[in-house]
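The values are calculated or read from the model by the stated rules, or taken from the named source; none is laboratory data. Nothing here was measured: the structure is a model prediction, and the numbers come from that model. A quick note on method: Cβ atoms are made from the backbone with ideal geometry, for glycine too, and the neighbour counts reach across all protein chains shown. For the accessible areas, the whole protein counts, side chains as well, though only heavy atoms, and no ligand, DNA or RNA atoms are used. Shrake-Rupley method; radii C 1.70, N 1.55, O 1.52, S 1.80 Å.
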Amino acid sequence: MCGIIGYCGSNHATDILLDGLSKLEYRGYDSAGIALSQNEQRIETIKTTGKVQELRNKVMALAPKNSYCGIGHTRWATHGGVTETNAHPHSNGSVTLIHNGIIENYSEIALELAKVNKFPKSQTDTEIAAMLFSHLYNGNPLETIETACAKLEGAYAFCILFADHPNEIYCVRNASPLVAVENEFGSYIASDMTALIEYSKDYFIVPEHHVAKLTKNGIKLLNFAGNEVKPTMLHASWDADSAQKNGYAHFMLKEIHEQPDSLLTTIMPRIKNGVINFEEEQIPDSLFMNFSNIVITACGTAMNAGLVGKSLIEKVLRIPVSVEPASEFRYGDPIIDDKTLVMIISQSGETADSLAALHLAKERGSKTLAIVNVKGSSIARESDYVLYTHAGPEIAVASTKAFTVQMAALYLICGKIASVRNLLSQEQLHTFIEELSSLPKVIETALQLEPTLKEVSSMLSETSDCFFLGRGLDYPLACEGSLKLKEISYIHSEAYVAGELKHGPIALITDQVPVVAIVTNTITVPKMISNIREVKARGSKILVITDQDMSAYPDVADALIELPKTDELFTPFTISVAVQFLSYYVSLHRGLDVDQPRNLAKSVTVE
Ligand code: M6R
C-alpha cells in the first residue's frame, strides 16, 4: 500500500527516485510524486495522477534543477480520490513528506489544527500529518518528530524533508515498513528492498520509534533521546535480477515459471536425512507436541493456502484446524488460548489485518508460527516462530509462487507434526516426504500445460460471470482460481463446493456462465460428474481440470486439462499452476494490465 523511497548522496536524486518508484509501483499505482531538496532551502515538488511513467514524463518535461537529495511516492488511495492534490508528497510550511499507512486519528488532529486556522487543501490523512509536523516544528527535526509521533495514531512510515535542513531526510515508522541501505554513493531508504537491491544487499529495517537520518555521508539511526543506535543488519539472499522480468512479458508469467525453484528452495533445506528438520529455523519439536487445535489466519491468497492446510492436516492428522480471515479474526473474539497453535500466513509479512491477528493471538497466550516470504518483515519478527518461504520477491499483484510455497510450508508442518506425534507410520511418512521432495519436478511438468491453458482460456475471456467448483482439497483451489481470475480479468467469479450449487447458486447458471470444475478428489469423482451434468444441462460450457481418467465420461467436458499424476494429497500444486495460467491468459486476451490490476496493490498495510 503505497511505495516510498528516499535518497541522499553524490548522484542525481531524480533518476534514483524514479527508478525506485518504478520498482515499487506494485505497491500502489494511482498517482506518484517526488520532492527534491535544493541547496537554497527550497523544496521542489512534482506530482501527477497515473503511473510512474506519467510522473517520469512530467519530470523530464519540467527538467528540475539538479538535486542530490529527495523523496518519492507511489500511491494507493485510501483517504480521498485519485487527484493530483491528494498525491504525495504533501507540504506545509517547512515540511514536505511522503507517507505509507493510515493516520487513524487524523480528523481529531484536523479539528485541533482548524482551531488555529490551519486547513488542508487535500482530502488526505497525510496532509494533516504534514500540517501537524509543520505546526510543531521548532527547528529541531528530531524533537518535532518525537512530539508529532506521540500525537499520531495508526500506521505510518514517513520520509520528511525540512526546508531549513537541506540535503537531509528524516524517516520514522510505526507498523508500516521502511528499509535502509548505504553505499559509497550515498544513503537510500524505501518501503522494501526491491527498490534498493541494486545499491546494496546489506540492509536494516528501521526500528519503530527511531529516526533514520539520511545524508550524503550515510545513515544515522537515532532514538528519540538523540542517541545513536547500531542497526541490526540483514542480508538479502536474492539479487537485482529476481526483481526484473528477465525476458517474460509480465512478472506474473515469470513468477509462475519460477515455481519449481521456489519450491526447491523452500522444501529441500528442511529435509535432512529423509526427515523434516526445522533446526535452522529454531522451531522446537515441543511446539508441535503441545497444542490441541490449530487456527490459521491470513488474507486473500494466503488464506486459500490456509484452507489447503486445513484440509490436509485434518485429513492426514485428524487434528482440528480452523481458518479465519484475519480481518474477522481480529474483531471476532476468537476462541483461542495457550493450547492453540495460531499460524499466520503472509507473503509480505506486512498485511495489517494479519499483523493485528498475530497481536491478538499473542495477547491470548497462543503460540504463534508465521509462514512469511519477506525476511525481517513485521509478522516474521513479531511471531514466536517463523518458517520462511523462499520464493524471492513477488512483484505481480496476483500471487502465484508465494501461494505454492505457502502450501509447501504447510505440508512441511503437517509432516513435522506427524513425525513428532507419531501420527503416521514410518512408511507413510517416508512416502509423504518423497512426494513433497518431488514437487519441483512435478511442477516442471505442470508448466508444460501452458499452451493448452492458453488455448482454453478463450472459453472464459469473453464472459462476464463464471463459477469454479471443487470438493475436498479441490475446493480451496477453486477459491484460489476464482480469486485469481477476478482480480486480474475483472470477471465476476464465484467458487463453490460443488454440492452446494443446487442449494441456490444454480439459479445463476445459464449458457452465458462457464464453469471450471476441478476434479482430483477420487472419492467424489462420481458426485462431481453429477454436479457437472447439472450445470451442463442448464447450458454451461464446462472446463474440467483433472488428474483422473475421464474416458468413462466423454460428454461432460467442453475442454479438458489433464494434470500430471501425483499422489492425491499433492494435487493442489498442479491445480494451482493450471488456474494461474488460466487467469493469466484470460487477462491477456482481455488486454488488461496483468501485473497491476485496477484498485489493487500488492501489500495491504491498511485495514
Ligand atoms: O502479503 P500477504 O500474503 O499477507 O497478502 C495477502 C493478500 O492481500 C494477497 O494474497 C492478495 O489476495 C493477492 N493479491 C491475491 O493474488
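Here T340 passes the criteria (1) of a type in the set (S, T, N, Q); (2) touching a Leu at 6+ places or on another chain (Cβ under 7 Å); (3) away from the ligand (no atom under 14 Å from the Cβ) except the one numbered (2).
Counting only residues that are among the small types (G, A, S) and within 16 Å of the ligand (Cβ to nearest atom), which one in segment 270-309 is surrounded by the fewest Cβ atoms within 10 Å (Cβ to Cβ)?
Within segment 270-309, the match that is surrounded by the fewest Cβ atoms within 10 Å (Cβ to Cβ) is G300.
Of the residues making up segment 185-217, just one is open to solvent by less than 10 Å² (accessible area, probe 1.4 Å) and either of a type in the set (D, E, K, R) or on the phi > 0 side of the Ramachandran plot (or both), namely G186. Residues in segment 583-607 that are out of contact with any Lys or Arg (no Cβ under 6 Å at 6 or more places or on another chain), of a type in the set (A, V, I, L, M, F, W, C) and within 14 Å of the ligand (Cβ to nearest atom) were compared, and the one that is nearest to T126 (Cα to Cα) is V606.
Taking segment 463-503 as the range and being touching a residue at least 60 places away in the same chain (Cβ under 8 Å), more than 16 Å from the ligand (Cβ to nearest atom) and over 15 Å from I575 (Cβ atoms) as the test, only F467 passes. Give the number of residues within segment 1-30 that are at pLDDT below 95 and assigned to a strand (DSSP E or B). Number satisfying all stated conditions: 1. Residue by residue through segment 363-392, note down the ones that are more than 12 Å from the ligand (Cβ to nearest atom) and in contact with a helix residue (DSSP H, G or I) (Cβ under 8 Å, 6 or more places away or on another chain). Selection gives K367, T368, L369, E382, S383, D384, Y385, V386, L387, Y388, H390, G392. Would you tally the residues in segment 206-226 being touching a Leu at 6+ places or on another chain (Cβ under 8 Å), aliphatic (A, V, I, L, M) and free of Cβ contacts under 8 Å to residues at least 60 places away in the same chain? Number satisfying all stated conditions: 2. Among residues of segment 341-366 that are closer than 14 Å to S377 by Cβ and open to solvent by 10 Å² or more (accessible area, probe 1.4 Å), those with a beta-carbon under 8 Å from a residue that is more than 9 Å from the ligand (Cβ to nearest atom) and of a type in the set (D, E, K, R) at least six positions away or on a different chain give the pairs A352/E607; L355/E382. Scanning segment 1-36 for residues that are of a type in the set (S, T, N, Q) and open to solvent by 10 Å² or more (accessible area, probe 1.4 Å) yields S10, N11, T14, S22.
Within segment 286-329, the set of residues being more than 17 Å from L341 (Cβ to Cβ) and not in a helix (DSSP H, G or I) comprises C299, P325.
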